[in-house]
Each structure stands twice: as structure tokens, then as C-alpha cells.
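These notes concern the structure reproduced below.
The values are calculated or read from the model by the stated rules, or taken from the named source; none is laboratory data. What you see is a predicted model, and the numbers here were worked out from it, not measured in a lab. Using ideal geometry, Cβ is built from the backbone for each residue, glycine included, and neighbour counts are taken over all protein chains shown.
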Amino acid sequence: MRRNKKERQQLLIETIKQNPFVTDEELAEKYSVSVQTIRLDRLELSIPELRERIKSVAEKKFSDEIRALPLDEIIGEVIDLNLDDNAISILDINKEHVFKRNGIARGHHLFAQANSLAVAVINDELALTAKASILFTRSVKENERVVAKARVKNVDHTNDRSVVEVKSYVGNELVFKGEFEMYRS
């Protein structure tokens, strides 16, 4: 159903307020307009693009919680965090993340996302990677979104170590798996 501009913009504000992680493409489909129309509406309403909205939500929610490193040093955008339990981040693979000749993401970006999430989930002032076992299960291409999910498997305070498992997905497909043994102070 087509709506007039004023109605659509009001619905746009409400939708983004409910879900700041909604994409312009999803909004365009929902309101049966072009992506360009959504972008123009956002611009007119001073609503930032998805990346900025995610960063803003993360900064508000997690800046006081993350102890082991500053939020801006995490690769990807943290969208959920429960210290010493689990965390989720997203990383949109762009031109700067891929090899020019084939559009495949460089592995160190996926590793960095997973490793920094493993550090962030540790509830301590200092967390360093002592050992990592990683597996890349498929190539990731430009314009794909990688969702990394970290889970703390073990906390050993007597040896100042924690084991964090991180699995990264594009859609429902596993693209990276890592187990990080973390030193904690």
C-alpha cells in the first residue's frame, strides 16, 4: 500500500526507533518504495545511515561495560554483550576488506573481528590472546555481512585463563570458527 510522504516518514521514524539495525533495503521493501526514496527520507529527517545507528547504539549501551579494550578498537560493531558469557558483532565486508582481483575478504579481517570480540567479552581490565585455533569454512565476498557470535566456554581464575569460542556466519552459513584461549589479569 502506497502512503503519502508524511505518513511514510512517520512510519520510518517509528520503525527505526523499534529496530535501529533495519537496512534501507528492508525499509524500501516494507514501504514499497525505492532505496533512494528511503535514503532521501532519512536525510530529510536527519536519521543516520545503518552503520552510524549501530555505532551509536553500541556506544550508548556498551561503552561502560567493555573493560578489556576501548569500544573503538573492536573490529566490527558490537550489538550484544554479556560479560564472561556471550557477545555478538557484525562486520560489513566492503571494498577495503577484499582482494581487488577476486573480491574475496582477506582472512585477517574475519580473524580480527572474532579475536577482538573474544577480548571484549572478557570481564577484566586486561585480556590478551594466549592461543588461538581457527578454521575458515568458506570465502566471504564483498558486500556480505559477517555476524560473529562469541561464547565463553570456560573461566579458570586460578590460572587467569578463559576459553572463548567464536563462530562467524554470513546468513545462516558458518564461515569462520575459532577457539581463543585468553589470558586475563
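Before moving on, here are some points about what is shown:
Okay, residues lined up against (1) surrounded by fewer than 21 Cβ atoms within 10 Å (Cβ to Cβ); (2) of a type in the set (Ser, Thr, Tyr); (3) over 15 Å from the mean Cα position of the chain (by Cα); (4) more than 23 Å from Arg106 (Cα to Cα):
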{"position": "Val147", "(1), (2), (3), (4)": "yes, no, no, no"}
{"position": "Thr158", "(1), (2), (3), (4)": "yes, yes, yes, yes"}
{"position": "Glu165", "(1), (2), (3), (4)": "yes, no, yes, no"}
{"position": "Val170", "(1), (2), (3), (4)": "yes, no, no, no"}
{"position": "Met182", "(1), (2), (3), (4)": "no, no, yes, yes"}
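- Unmet criterion (only one of (1) surrounded by 15 or more Cβ atoms within 10 Å (Cβ to Cβ); (2) more than 30 Å from Asp156 (Cα to Cα); (3) modelled with pLDDT under 90; (4) under 16 Å from the mean Cα position of the chain (by Cα)) for Glu142: (3)
- Within segment 156-184, residues that are in the same structural domain as Ser139 (by TED's automatic domain parsing) and farther than 30 Å from Asn143 by Cβ reach partners that are modelled with pLDDT of 95 or more and among the acidic types (Asp, Glu) with beta carbons closer than 8 Å, at six or more positions or on different chains, in the pairs Arg161/Glu181; Ser162/Glu181; Val163/Glu179; Val163/Glu181.
- Residue satisfying all of: in segment 89-108; basic (Lys, Arg) and not in a helix (DSSP H, G or I); nearest to Ser139 (Cα to Cα) among these: Arg106
- Residue match in segment 156-168 (condition: out of contact with any Gly (no Cβ under 8 Å at 6 or more places or on another chain), under 28 Å from Phe21 (Cα atoms), among the hydrophobic types (A, V, I, L, M, F, W, C) and modelled with pLDDT under 95): no
- Filter result (farther than 17 Å from Lys149 by Cα, of a type in the set (S, T, N, Q) and in contact (Cβ under 8 Å) with a residue 12 or more places away in the chain) within segment 74-103: Asn94
Rundown of residues vs (1) touching a Ser or Thr at 6+ places or on another chain (Cβ under 7 Å); (2) assigned to a strand (DSSP E or B), yes/no style:
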site	(1), (2)
Asn123	no, no
Thr129	no, yes
Ile134	no, yes
Arg138	no, no
Val146	yes, yes
Arg151	no, yes
Val155	yes, yes
Thr158	no, no
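So that you can scan it fast, the table gives a plain yes or no per residue for (1) touching a residue at least 60 places away in the same chain (Cβ under 8 Å); (2) in contact with a Lys or Arg (Cβ under 8 Å, 6 or more places away or on another chain):
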position	(1), (2)
Ala105	no, yes
His109	no, no
Ser116	no, no
Ile122	yes, yes
Ala130	no, yes
Ser133	no, no
Glu144	no, no
Val147	no, no
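- Failed item, numbered, when Phe111 is tested on (1) within 12 Å of Val170 (Cα to Cα); (2) in a helix (DSSP H, G or I): (1)
- Filter result for Asp72 (part of a strand (DSSP E or B), modelled with pLDDT under 90, closer than 25 Å to Tyr183 by Cα and in the same structural domain as Val140 (by TED's automatic domain parsing)): no
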